[in-house]
Amino acid sequence: MTITVNRKEFIDALSVGSAMESKVKTMPILGFTKIAMSHLAMTITSSDLECSITKSCNVVSCDTCGEFCVCANDLVKAIKALKNDEITVVVDNNLLTISHTSGTMSMPVQDATAFPAISQDGAEDANCIVLQSEWLKEWIIVGRNFAADDDLRPVMNGIYIHADASAIEVCATDAHKLYTDKIDSTHTFDPVEAILPSRAFAPLLTILNGVDEVTMSVDAKNFIFTTSDTTLTCRKIEGNYPNFKAIIP
């Protein structure tokens, strides 16, 4: 497989698409990021089993379809060292080779067949809400300072989101301090009530940079945040959030 891609676009896509790359002892393949090619479309995916993020990137040329896994951090470091506007990546025999003006550099790749598929069971029944990215950024940036980190009360380890046709409300509390916000809504959608886990905060802030709106879908098990070229899927926290309107922390 031979891929020619714009260097800066590739770095930006890798930085976002690898946001969930992590070391999971039970599944070592999640320590890598999956890159899949289909014609001139590249998708970059990383996951930690609870959250997954996929970023699309256009390429200049590609001679075949296929997929492989690579350590994105190492690949980004290597590409940043190059000066070329366009780079050529060749994947052959479990080895990725980058050609540049001074020679080549190589690194190992992994078989992508063991990389878990992103499950979105029930997505067809999900409620979809279009949010201004500024709202979501503020909720996360402020709310993460109020969310708990408590193994005994996991429902408080995130931001509670409640939305209906009249308003969208959010809450974060650790039972000692509390943050709430409310925005009037004029959209028509079925009521939504779910808890966004704290592990999704950092990658979600990453995909909100440079976009005005994001579509939030909530199905039976997951949050799905979608922009024009990026999708973040994260599992909801199960359980009933405390009635924050009836307590004084």
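Of all the residues that make up segment 20-58, how many are part of a loop (DSSP other than H, G, I, E, B), surrounded by fewer than 19 Cβ atoms within 10 Å (Cβ to Cβ) and either touching a residue at least 40 places away in the same chain (Cβ under 8 Å) or not charged (D, E, K, R) (or both)? Even if it seems obvious, please write down each step before you answer.
Taking segment 20-58 first, the residues part of a loop (DSSP other than H, G, I, E, B) are 20-27, 32, 39-40, 48-50.
Restricting the remaining residues to those that are surrounded by fewer than 19 Cβ atoms within 10 Å (Cβ to Cβ) gives 22-27, 39-40, 49-50.
Okay, now just the ones that are also either touching a residue at least 40 places away in the same chain (Cβ under 8 Å) or not charged (D, E, K, R) (or both), so 22, 24, 26-27, 39-40, 49-50.
Total satisfying the criteria: 8.
Looking at the structure I just gave you, is THR215 open to solvent by less than 80 Å² (accessible area, probe 1.4 Å), part of a helix (DSSP H, G or I) and among the polar types (S, T, N, Q)? Steps first, please.
Numbers: open to solvent by less than 80 Å² (accessible area, probe 1.4 Å): yes; part of a helix (DSSP H, G or I): no; among the polar types (S, T, N, Q): yes.
It is false that THR215 is open to solvent by less than 80 Å² (accessible area, probe 1.4 Å), part of a helix (DSSP H, G or I) and among the polar types (S, T, N, Q).
Each row is one residue, and each column tells you yes or no for (1) more than 22 Å from ASN209 (Cα to Cα); (2) in contact with a Leu (Cβ under 9 Å, 6 or more places away or on another chain); (3) of a type outside the set (A, V, I, L, M).
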| position | (1), (2), (3) |
| --- | --- |
| ALA13 | no, no, no |
| THR26 | yes, yes, yes |
| ALA36 | yes, no, no |
| VAL60 | yes, yes, no |
| LYS77 | no, no, yes |
| ASN94 | yes, no, yes |
| THR101 | yes, yes, yes |
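None of THR104, THR88, THR64, THR97 is in a loop (DSSP other than H, G, I, E, B), more than 27 Å from ILE224 (Cα to Cα) and open to solvent by 30 Å² or more (accessible area, probe 1.4 Å) except THR64. Just one residue in the set THR186, THR206 is assigned to a helix (DSSP H, G or I), of a type in the set (Val, Ile, Thr) and modelled with pLDDT under 90; that residue is THR206. Please specify each residue of segment 1-42 satisfying the condition of being polar (S, T, N, Q) and closer than 18 Å to PRO203 by Cα. Within segment 1-42, SER15, SER18, SER22, THR33 meet the criteria. Tell me, please, whether a residue that is open to solvent by 50 Å² or more (accessible area, probe 1.4 Å), in contact with a helix residue (DSSP H, G or I) (Cβ under 9 Å, 6 or more places away or on another chain) and in a strand (DSSP E or B) can be found in segment 141-155. There is no residue in segment 141-155 that is open to solvent by 50 Å² or more (accessible area, probe 1.4 Å), in contact with a helix residue (DSSP H, G or I) (Cβ under 9 Å, 6 or more places away or on another chain) and in a strand (DSSP E or B). Has segment 159-169 got any residue that is of a type in the set (S, T, N, Q) and modelled with pLDDT of 90 or more? For segment 159-169, residues of a type in the set (S, T, N, Q) and modelled with pLDDT of 90 or more: absent.
The values are calculated or read from the model by the stated rules, or taken from the named source; none is laboratory data. None of these values were measured; they are calculated from a predicted model. When we count neighbours, we look across all protein chains shown, and the Cβ atoms used for this are built from the backbone with ideal geometry, even at glycine. When the accessible area is computed, the model is the full protein with side chains, heavy atoms only, and any ligands, DNA or RNA have been set aside. Shrake-Rupley method; radii C 1.70, N 1.55, O 1.52, S 1.80 Å.
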